[in-house]
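The values are calculated or read from the model by the stated rules, or taken from the named source; none is laboratory data. Please read these numbers as outputs of a predicted model, since none were measured by experiment. Cβ sites come from the backbone with ideal geometry, for glycine too, and all protein chains shown count toward neighbours. Side chains included, ligands, DNA and RNA excluded: accessible areas come from the protein's heavy atoms. Shrake-Rupley method; radii C 1.70, N 1.55, O 1.52, S 1.80 Å.
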Amino acid sequence: MKRVLLGLAAVLLLLVGTVVLRTLSIESMRVAVDPADAAPVDVAAVARRMAGGIRFETVSYYEYGRFDAGEFRRFHDYLRETYPAVHAGLELETVAGLSLLYTWRGSRPDLDPALLAAHLDVVPVETGTAEEWTHPPFGGFVDDGYVWGRGAMDDKCGVFGLLEAVESLLQQGFRPERTVYLAFGHDEEVGGDRGATSIADLLASRGVRVEYVLDEGGAIAVDPIPGWEARLALIGIAEKGSATVDLVVESPGGHSSTPPRETAVGILSEAVAVLQRRPMPSRIDGATKVMLETAGAELSFPFRAVLANLWLFGPLLEIAMASEPSLDAMIRTTTAPTIIEGGVKENVLPRRARAAVNFRLLPGDTVETVLEHVKSSVNDERVQIELSPRPTPRDPSRVSPVDTPAYESLRRAIRQVFPDAQVVPYLVLGGTDARHYGRVSDSLYRFAPFPFTVDDRVRVHGMDERMRIADLGDAVRFYRQLLIQTAGPGQG
């Protein structure tokens, strides 16, 4: 027994020693940076120009015929009038009818270009809610320190931030060595299958290979999760996939006074309940693992010890993360019943009942594995199971590298403009246009230089969308700094 106890003590000491050594060995990824470009930004003027752009109702719909092409074209005209230097110095092509591709030719064709993306379209305003907004959703009001309106946060702020940065660099006489593309899709909110896809196809047909792509997706989290005191600058290095599965139950129907033991609604409800009780398994890997390990270097004990030793504490961390929806979504393919329908009257048994269940796929899972999971979990031949064609099912993106010069330049530019922010890789839970550019680049990054609080995040796609005027200046400085670092003299 004594030998057993001594052996256990030795194992315990070895375990503790390993944990301590690994905790002490991880190094901070913070880098010393030079000050950002000091050229002033007239934020009031930027706000006025962006407010003018919000007044164009560039709403996208799954039914392409509902697009107001005239409104998009009037927005294009507004951009031409508002940014004369950009439109004099860059080549402009209209792609897929309504998307825009700007080309800023560099002096060194041997360098692969950079591509910075944003999107022109916005989501609709929910019917019947426009009167509840503080200012009309397409009014483009500047008030109380904010620019108000649909698209202020998603993503006309990106369009105007990029154009303001390029306009000011042109006025300063800056000329890039690396060619720079500005790609503004017109249907990101419905998948980007026409806009960004067509831009990527066009570049690929010309044999273009892009050094890096920067799109929306990550941001600066002002109120990060417990354990983090600094603001988090989240660079998306991958994004989840998406698939919606339709569950359909058909029955003879009839009068509710003589129902069968199980109605179509009852059978369907049980199938939905089964899927919620049996979520897909969790795991810490890929982009989420990179994020946690990078962030761990900046934390105090015991968080630092946990994240430095995921080989030991990973299972416990998964349990803790699973209790918070925003963290649970980072470690598993999520299951979200979003639509259930059937029946026309309270005393009529419906002949057909349908539910739609949306899955957001963790990298490593596929649309096919999700479909198999649904079939094996429901396991009821009375329930018809099939993929919904809309929105188009998509597998998760691949994970972009974090050891490239482009990622380092992006990280450095963030620190130059937001010195208090801790930069970490991130798994984007939604979808962006960035994934469409995978055919022309291996380095797809997703970061918008805007600080968002919890209150801010609920406004995206919601009511009272707005952008702080003060934050517009930092956004312009960031884009300017990134362009100077990645396309200016001395690059390559």
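Lys-Lys pairs in the chain that are eight or more residues apart or on separate chains and whose Cα atoms lie under 30 Å of each other come to 4. Counted residue by residue at 0.36 nm each, then reduced by the alpha carbon distance between them, the extension gain from ARG108 to THR369 reaches 89.4 nm. Rolling a 1.4 Å probe over the protein heavy atoms gives the chain an accessible area of 44 Å² per residue.
If the chain linking GLU126 and ILE319 were pulled fully straight, counting 0.36 nm for each residue of separation and taking away their Cα-Cα distance, it would gain 65.8 nm. Qualifying trypsin sites (Lys or Arg not before Pro) in segment 102-166, where qualification requires a DSSP coil assignment and no more than 16 other C-beta atoms within 10 Å, comprise ARG105. Among the GluC sites (Glu not before Pro) in segment 84-129, those located in a DSSP loop and surrounded by at most 13 other Cβ atoms within 10 Å of their own Cβ are GLU126.
Sparse packing (at most 10 other Cβ atoms within 10 Å of the Cβ) combined with a DSSP loop state is found for the following GluC sites (Glu not before Pro) in segment 309-405: GLU346, GLU381. Given the rule -39500 (n - 2.57) for each run of at least 4 DSSP H residues, summed and divided by the residues of the chain, what is its mean residue ellipticity at 222 nm, to the nearest 500 deg cm²/dmol? For the chain, the value works out to -11500 deg cm²/dmol. In this structure, ASP285 and HIS255 have a Cβ-Cβ separation that, at R0 = 41 Å, corresponds to a calculated FRET efficiency of about 0.15. Which whole number in µm²/s is D for segment 112-267 by Stokes-Einstein, with the Kirkwood Rh taken over Cα pairs at 37 °C and 0.692 mPa s? So the translational diffusion coefficient is about 161 µm²/s. Expressed to the nearest 5 percent, the antiparallel share of DSSP beta bridges inside the chain is 65 percent. Cα centroids of segment 133-184 and segment 252-281: 49 Å apart. Measuring how big segment 107-191 is from its alpha-carbon positions, Rg and Dmax come out at 17.0, 54 Å. A 1.4 Å probe over all protein chains sorts GLU71, GLU408, GLU131 by accessible area into GLU131, GLU408, GLU71, starting with the largest.
The alpha carbon convex hull volume per residue for segment 345-480 rounds to 186 Å³. Accessible area per residue was computed with a 1.4 Å probe on protein heavy atoms; HIS461 scores about 90 Å². Length available on full extension from SER376 to ARG457: 0.36 nm per residue minus the Cα-Cα distance, which gives 25.6 nm.
Shown here is the pair-distance distribution of the chain: with all Cα-Cα distances grouped in 20 Å bins from zero up to the longest one, the shares run 21, 50, 24, 5, 0 percent.
In terms of packing, defined here as the mean over residues of other Cβ atoms within 10 angstrom, the peptides 285-291, 267-273 line up highest first as 285-291, 267-273. Which FRET efficiency, nearest 0.05, do VAL274 and ALA69 yield, Cβ-Cβ r, R0 41 Å? The computed FRET efficiency comes out at 0.35.
The orientation-averaged projection of the convex hull spanning the C-alpha atoms of segment 333-381 amounts to 4.3 square nanometres.
One Cα centroid belongs to segment 38-94, the other to segment 446-492; the line between them spans 17 Å. Quotient of the Cα radius of gyration of segment 57-140 and 2.2 N^0.38 Å, N being its number of residues: 1.40. Kirkwood's formula applied to the C-alpha pairs of segment 138-179 gives a hydrodynamic radius of 12.1 angstrom. For the chain, which whole-number percentage of the solvent-accessible area (1.4 Å probe, protein heavy atoms only) is attributable to carbon and sulfur atoms? Using a 1.4 Å probe with all protein chains present, the chain comes out at 55 percent carbon and sulfur. Would you mind checking which residues have amide H under 5 Å from ALA448's amide H? H placed 1.01 Å from N; only 5 or more apart, or other chain. Hits under the 5 Å cutoff: GLY217, GLY218, ALA219. Hydrodynamic estimate: the Kirkwood radius of segment 39-89 over Cα pairs, inserted into Stokes-Einstein at 10 °C and 1.306 mPa s, corresponds to D of 126 µm²/s.
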